[in-house]
Amino acid sequence: MAGAALLLSFSAAAVAALAARTVASQGACEAQGAAACIADAEAPGTSATVRELGLDALERTLGRRPVGAQESRIAAILASIGEGDYGEITRLRLDFSGGESEALVSKRVRPKDERNVKRGAVHLAEHRRFLKSFVVEVAAYRELARPLAAAGLTIPRTFLLPSPQVGEPFILLMEDLSQKYPRGANGKVRQMVRRETRAALRWLAGFHAAFWEAPRAEERGLFKRGSYWILDELGRLELDAVADSYKNRYINNFEWRRLRAAAPAIDARLAGRRAAGGPDEPPSGRHRTLVHGDAKEENILCSAVSPGGRDMDAADMECAGIDFSWAGEGYGMYDVMYLLWGEMADNMVDEHLQHYYNELLERLPRHLRTAYTPQVA
């Protein structure tokens, strides 16, 4: 499939960004210690989320008044890429009269002031993109929950869904999916096994089919182009910051220089324009959809075992998508190639691509299905 070539080349924006942040992100959790990524519980009976929202607001939101609360940190926001000072994700356990309790996930966004951003155009552009991404995530939960539910796809239900402006602090209260979907929960980094990958690709196929050739990204409050890996202002700055002599285990220096030279044309095609078209050329809507934008293993949670305790087959395993901060318009292969980024065996890549393609076609109407041939994919 053409998708295999797209997977292997990825894009110059991805390679440049990965190169620029390798030192910062490598072993971020290990450097801080496991407690910084997973634990860091507050004192029993206290909760920063409850203090900030107030019991009256929680009662209006949940329909009943908590009598106790405990909150523990899951992860700092953006900790996986070595960033900090943007807030935290916590698990909030609320106790109610009668001995009942409920666990929620609280995303407490607290953007740092621009004056505290590292100096340099790259850091400033990245910071501003982060601020926009927080607002995009809220819009995604508001706009996509109903069509995804209709498609039989799981994302967290939201209990408190604010309407923040870019740069404002806010709290997003969501359903805790960790019990039903333990694989990948709690910010744990893992290598997906084969059946997980196939289940995750089935979820992505359903997501892409739900908005196929009708993304309406900006209308929904999402990014005009989804995914972190694009040659916008930040992508171009990161690309320029990588030395001509760069190489890594995926790409030698000659290949890097060729990819760098071809980057604008590649990015134009991935934006839905002609390779020789200018930035003002409107994109073709054909085969375009909404993309999750950050479809890595940590953002696709999976079930682990069947109710009877036996390991599930791929057909039985279910997945749920979380963290839609980079959602927007694009080609579905963006999500697929990012999920398969660490898969080095060509035969497995081809098998996974065929599986995604089959799952997608099952969900597309006939008139769209016939146009999306393997050569296009």
Exercise for the section: Would you pull out the residues with amide H under 5 Å of Leu160's amide H, same chain only if 5 or more places away, H placed 1.01 Å from N? Expected result: Leu173
Practice task
Evaluate Rg over Rh across region 198-303, taking Cα atoms for both radii and Kirkwood's formula for Rh.
Solution key: 1.01
Problem - In sequence order, calculated HN-Hα J values of region 158-164 (Karplus, 6.51, -1.76, 1.60; Hz; x Gly/Pro) - result: 9, 9, 10, 10, x, 10, x
Handout entry: Proximal charge balance of Phe324 [Cβ under 9 Å; K/R count +1, D/E count -1]
Key = -3
Fill in the blank from the handout: With x for Gly and Pro, the residue-by-residue ³J(HN,Hα) of region 123-140, computed from phi through the Karplus equation 6.51 cos²θ - 1.76 cosθ + 1.60 at θ = phi - 60° and given in whole Hz, is 5, 5, 5, 5, 4, 5, 5, 4, 4, 5, 5, 5, 5, 4, 4, 4, 4, 4
Exercise for the section: Show the residues, 5+ positions off or on another chain, whose built amide H is closer than 5 Å to the amide H of Leu177. Expected result: none
Handout entry: For region 328-333, 3J(HN,Hα) per residue [Karplus equation, 6.51 cos²θ - 1.76 cosθ + 1.60, θ = phi - 60°, Hz, x = Gly/Pro]
Key = x, 6, x, 8, x, 4
Problem - Loop trypsin sites (Lys or Arg not before Pro), region 172-238 (other Cβ atoms within 10 Å of the site Cβ: 15 or fewer; DSSP) - result: Lys180, Arg190, Arg216, Lys224
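Each reported figure results from applying straightforward, stated rules to the coordinates on display, with no laboratory input. Every value quoted in this text rests on a predicted model; they were computed, and no experiment measured them. All Cβ positions, even for glycine, are placed from backbone atoms using ideal geometry, and neighbour counts span all protein chains on display.
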